[in-house]
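K.L.:
Take a look at this one; I'll ask things after.
What follows is calculated from the coordinates using simple rules that are stated; it is not laboratory data. Remember, predicted model here, so these are calculated numbers, not experimental data. Reconstructed Cβ throughout: ideal geometry from the backbone, glycine too, with neighbour counts over all protein chains shown.
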Amino acid sequence: MDPRGKEKQSDDLQIFSAENLQSNMKSIYYSRTFLSIVGGVVAGIWGFTGLMGFVFYFLVMAIASMLFAAKAKFSVRTYFDSWNRIVVDGFLGGLMSFVLFWTFAYDIVHIF
Amino acid sequence: MAEDLVLDTAIRDWVLIPLSVVMVLIGVLRYFVSKLMRSSQLPDAKALKEGQVIIRARNLKSGANFIPSKSFRARRVYFTNEENGLLYVPKDQAQNAQAQMFSDPNMAMDMMKKNLSMLIPQSLTFAWVNFFFSGFVAAKIPFPLTQRFRAMLQNGIDLSTVDVSYVSSRSWYFLNLFGLRGLFSLILGEENAMDDTQRMMQMGGFGFDAARSLAVEKDSLDIIQHDWALPKMEQRAEEVLRKLLR
């Protein structure tokens, strides 16, 4: 979760190091994946069904986006080239993992 | 339709959990096996050279605005001119490279290994699941689905009256196959991030086509609009300093 490098940014000219940007995006991807797995287990244990679970997933992802922004001290431009990297990217990427772990935990706890 | 099935806890202990654990372990095993089987052949000098040329061209492209127009043009000509530019590949040679790749047994061998390390464990696991766990209702998805998903989720049970959200063991295997990708990228690191679909794509392209990527680099260099950034630097410096003062 730790953005390792800083990129300089200016109004008309993009000066940033692509490698640092890549590494920042990778850490975001990892934290999102981790969160979707943990969120799935939590949703399963709490016994969410139907729409509730998906709402929970989007809630978790939204909170994650906000935490990323907070981690970047709300100056996203220092670490990424646009807000989309934090808010939008990978929003749906963890859905498959989420559904799997949700189902898994739900079945173990509630079905049998 | 709506009444709940009562599932035996033995199914959970002996089907659901073992299946998932085995899927994870097989994923880990596959990762290490493919790591072991990756042959460390000496890289071909020509391919290496082409790769370096491409990296240099990319660097020129990304740093284009930091050098004067004249220097940029000189470098561009060096890369893209039609006589001896580094990125220019004559038509007949491009064909040759393709043919050479097909005849190179090492290349084909490597591909085979990669594909085998992907295919064998998958088909083995599938056979194992089929053999031991066919016909179980193993799990229940906690959200409702339409009838269309029946073929996908109840693969292996031929009952049309069971609610669609119940999942057969074979389909649980497929769910695991797709859903565990995220977990693998967490526990195995980024090397595993190249997932099966990407590998499939590579198979289609049959390796790295040097001539084509050279041509792509050449085109993108050719269309760059050069705009030297440094003359405006003083203005920017002034702005930054003013901002600091305030």
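K.L.:
Using the count of nearby Cβ atoms within 10 Å as a rough guide to exposure, how do A:35, B:230 rank from fewest to most? Walk me through the numbers on the way to the answer.
P.N.:
On the way: A:35 20, B:230 11.
Sorted ascending by nearby Cβ count, the order is B:230, A:35.
K.L.:
Return the lysines within reach of residue B:70: Cα separation strictly under 29 angstrom, same-chain partners fewer than 8 residues apart disregarded; answer none if there are no such residues.
P.N.:
Of all the lysines, those that pass the test against residue B:70 - Cα under 29 Å, at least 8 places apart if same chain - are A:8, B:49, B:61, B:218, B:232.
K.L.:
Only Lys, Arg, Asp and Glu count, each charged at its Cβ (+1, +1, -1, -1), so figure out the dipole size of chain A about its Cα centre, rounded to 20 debye. List each step's numbers first, then the result.
P.N.:
On the way: 9 positive and 8 negative charges, 48 e Å.
Rounded to the nearest 20 debye, it is 220 debye.
K.L.:
Considering amide H positions built from the backbone, and no H for Pro or chain starts, which residues 5 or more places from residue B:167, or on another chain, come under 5 Å of its amide H?
P.N.:
B:138, B:139, B:140, B:141
K.L.:
Counting other beta carbons within 10 Å of each Cβ, put B:82, B:239 in order, fewest first. If you can, show how the numbers build up before the last one.
P.N.:
Working: B:82 8, B:239 12.
Exposure proxy ranking, most exposed first: B:82, B:239.
K.L.:
Measuring from label point to label point, each 7 Å out along Cα→Cβ, what is the residue A:77 to residue B:44 span in nm?
P.N.:
Result for the modelled spin labels: 4.7 nm.
K.L.:
Now for a different question. Which whole-number percent is the relative contact order of segment A:18-111 (Cα, under 8 Å, 6+ apart)?
P.N.:
Working: 89 pairs, mean separation 47.3, N = 94.
Relative contact order of segment A:18-111: 50 percent.
K.L.:
Mind telling me which of A:41, A:55, A:76 comes out most flexible in a GNM of chain A, alpha-carbon contacts under 10 Å?
P.N.:
In this elastic network of chain A, the residue with the biggest mean-square fluctuation among A:41, A:55, A:76 is A:55.
K.L.:
Only counting other Cβ atoms within 10 Å, I'd like B:158, B:163 sorted with the fewest neighbours first.
P.N.:
Listed from fewest to most nearby Cβ atoms, that is B:158, B:163.
K.L.:
Could you work out how far the C-alpha centroid of segment A:17-52 sits from that of segment B:232-246, in angstrom?
P.N.:
The two parts, judged by their Cα centres, are 40 Å apart.
K.L.:
Please name which of A:98, A:40, A:62 has its Cα lying farthest along the dipole of segment A:18-111 towards the positive end, using unit charges on Cβ (Lys, Arg +1; Asp, Glu -1) and the Cα centre as origin.
P.N.:
Looking along the dipole axis, the top candidate is A:62.
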